[in-house]
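Here the structure comes first, spelled out in C-alpha cells, and everything after it is commentary.
The values are calculated or read from the model by the stated rules, or taken from the named source; none is laboratory data. Bear in mind that the values here come from a model prediction, so they are computed numbers and not experimental data. Cβ atoms come from the backbone with ideal geometry, glycine included; neighbour counts cover every protein chain shown. With ligands, DNA and RNA removed, areas are computed over all heavy atoms of the protein, side chains included. Shrake-Rupley method; radii C 1.70, N 1.55, O 1.52, S 1.80 Å.
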Amino acid sequence: MPLPTLAESAIIVGAEADDWRAAVRLAGRALFESGATLPGYSDEMIRMIDEHGPYVVIAPGLALAHARPGPDVLADGLAVVTLATPVVFGHPHNDPVSVVLGLAIKSAETHLETVAELANVFNDSSAISRLTTAASVAEIQEILGNAS
Amino acid sequence: MKIVAICGSGIGSSGILKVNAERVLKRLELEADVTAAHLSSLSSDAADAQVILTSAEFVDAIGPTNADVIVIENYFDTEELARKLEAALG
C-alpha cells in the first residue's frame, strides 16, 4: 500500500510557527483540512508529547506527530508541514525541527504498511533536507513519492 | 529471539522502529520476532523480550527489565540500528 494520498490540503510549505505546539497544530490543521481527522486531534498529538516528552522527533530535523487511533480519526492520513524557521522540541539529539509530519491512523493493525512506506522515503538520509528546502506543494509530493 | 519496539502510542514511531529493525535483522541474517508496542502494554508485550528498542524518553518509564534496552537516536538510520543490534545480539 502506498502512503495515504497526499492532497494539497495536507501540505503546508514554509510555515511560521512560534514553538513546537504551534508547529504540531499546523500539522493537525492539515490533517483536518484533508479530511483525515476532527480538529480535536491536534490536542491529542500535543498531549502525547506533553505526557511522554519529545520522542516524536525521530530523526535530525524531523518530528512525526501522532496520537493513538480514536474517535478523532476519520481515515488514515498523513500531513507534511515545513517550517520557515525551525522550532525546538527539547530533544537531546535531533533538534531543531524543520519538518513536522502529522500521522493519523484508524487502526493499529493495518498501520505498519503506511509506516513501511514512510521508512522507504526517509531511510534516504537526503529526504529531510530536500523537504526542508522544497519551495512548493508539488516538490513535496514528489519527495513523498506520490506526485500526481 | 523477541524484540519489542516501544513508543508512547504503539503506532507511528514504534512502527517505524519495527519495520527498520526487521530490515536490518534480515540484512544481518539474524532471526527475531519484532513487535511494536506502547508503554502501557509493555508488561505483557515485553515480559519475554531479549531486546527493547526505544527513545531516551522512555528508558525511565520502562524500568527494571532483563532485556537489553537499546536507545535509538535516528529512527531512519539503519546503520545506527544495525550497529546497536549487532552489539546487543552478537
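State, to one decimal in nm, how far the label point of residue B:1 lies from the label point of residue A:136, with both points 7 Å from Cα in the Cβ direction.
If labels sit at residue B:1 and residue A:136, their model points lie 4.7 nm apart.
Summing Lys, Arg as +1 and Asp, Glu as -1, what charge do residues with Cβ under 11 Å from the Cβ of residue A:57 carry, residue A:57 excluded? Present the calculation step by step, with values, prior to reporting the outcome.
On the way: positive: none; negative: A:95, B:57, B:73.
Here the count lands on -3.
Is the C-alpha gyration tensor of chain B telling us rounded, prolate or oblate? Criteria: a/c under 1.5 is rounded; beyond that, a/b larger than b/c is prolate, otherwise oblate.
Here chain B falls in the prolate category.
Rounded to a whole number, what % of the accessible area of the range B:2-79 do carbon and sulfur atoms account for, probe 1.4 Å?
Solvent-exposed carbon and sulfur of the range B:2-79 make up 43 percent of the total.
Using a 10 Å cut-off around each Cβ of peptide A:80-93, what is the average number of partner chain Cβ atoms that fall inside?
1
Based on alpha-carbon centroids, what's the gap between the range B:19-86 and the range A:7-23 in Å, whole number please?
31 Å
Accessible area of residue B:44, 1.4 Å probe, to the nearest 10 Å²?
80 Å²
Considering only the other residues whose Cβ falls under 11 Å of the Cβ of residue B:72, what net charge follows from Lys and Arg at +1 and Asp and Glu at -1?
Taking every other residue near residue B:72 into account, the sum is -1.
Once both labels are modelled 7 Å past Cα along the beta-carbon direction, what's the residue A:107-residue B:88 spacing in nm?
Between residue A:107 and residue B:88, the label points sit 3.0 nm apart.
For residue B:52, what accessible area in Å² do you get when you roll a 1.4 Å probe over the heavy atoms of the protein chains, rounding to the nearest 10?
Result for residue B:52: roughly 0 Å² accessible.
Consider all pairwise Cα distances in the protein assembly as shown and report the whole-number % of them above 26 Å.
In whole percent, the share of Cα-Cα pairs in the protein assembly as shown beyond 26 Å is 32.
Assign one of three labels to the range A:8-143, namely rounded, prolate or oblate, based on the Cα gyration tensor with a ≥ b ≥ c the square roots of its eigenvalues; rounded applies when a/c is under 1.5, prolate when it is not and a/b is larger than b/c, and oblate otherwise.
Cα axes put the range A:8-143 in the rounded bin.
So for the protein assembly as shown: antiparallel DSSP bridges make up what percent, rounded to the nearest 5?
30 percent
Would you mind checking the range A:35-53 for residues with the amide N under 18 Å from a putative spin-label position 7 Å along Cα→C-beta of residue B:56?
Residues A:49-53 fall inside that zone.
May I ask you to order B:57-67, A:77-87 by the average number of other C-beta atoms within 10 Å around their residues, highest value first?
A:77-87, B:57-67
Just tell me how shielded B:72-81 is by partners: mean number of partner chain Cβ atoms within 10 Å of each residue's Cβ, no decimals.
Other-chain Cβ atoms within 10 Å of each residue's Cβ, averaged: 5.
Show which lysines lie in cross-link reach of residue B:26 when reach means a straight Cα distance below 24 angstrom and same-chain residues fewer than eight apart are skipped.
Here the lysines satisfying the reach criterion relative to residue B:26 are B:2, B:18, B:84.
Could I have the simple spin-label model distance between residue B:48 and residue B:26, label points 7 Å from Cα toward Cβ, reported in nm to one decimal?
It works out to 2.5 nm between the two label points.
What dipole magnitude, in Debye to the nearest 20, does the protein assembly as shown give about its Cα centre under +1 on Lys/Arg Cβ and -1 on Asp/Glu Cβ?
With only Lys, Arg, Asp and Glu charged at Cβ, the dipole is about 120 debye.
Would you work out what percent of the accessible area of chain A, with all protein chains in place, is carbon or sulfur (probe 1.4 Å)?
Of all accessible area on chain A, carbon and sulfur atoms account for 52 percent.
Across peptide B:14-21, what mean number of C-beta atoms from other chains lies inside 10 Å of a residue's C-beta?
6
Please give the residues from the range B:36-66 for which the solvent-accessible area of heavy atoms, probe 1.4 Å, is smaller by at least 50 Å² with all protein chains in place than with the chain isolated.
For the range B:36-66, once contacts with the other chains are taken into account, B:57 lose 50 Å² or more.
Can you give the net charge of the other residues whose Cβ lies under 14 Å from the Cβ of residue A:71, counting K and R as +1 and D and E as -1?
-1
For chain A, what's the relative contact order in percent, using C-alpha pairs closer than 8 Å and at least 6 residues apart?
Once normalised by length, the contact order is 29 percent.
So how do A:16-24, B:19-27 stack up, highest first, on mean other-Cβ count within 10 Å?
Numbers: A:16-24: 17.8, B:19-27: 19.4.
In decreasing order of mean packing, A:16-24, B:19-27 become B:19-27, A:16-24.
Mind pulling the angle between the C-alpha long axis of helix B:13-28 and the longest principal axis of chain B? Nearest 10 degrees, somewhere in 0 to 90.
Its long axis makes an angle of about 30 degrees.
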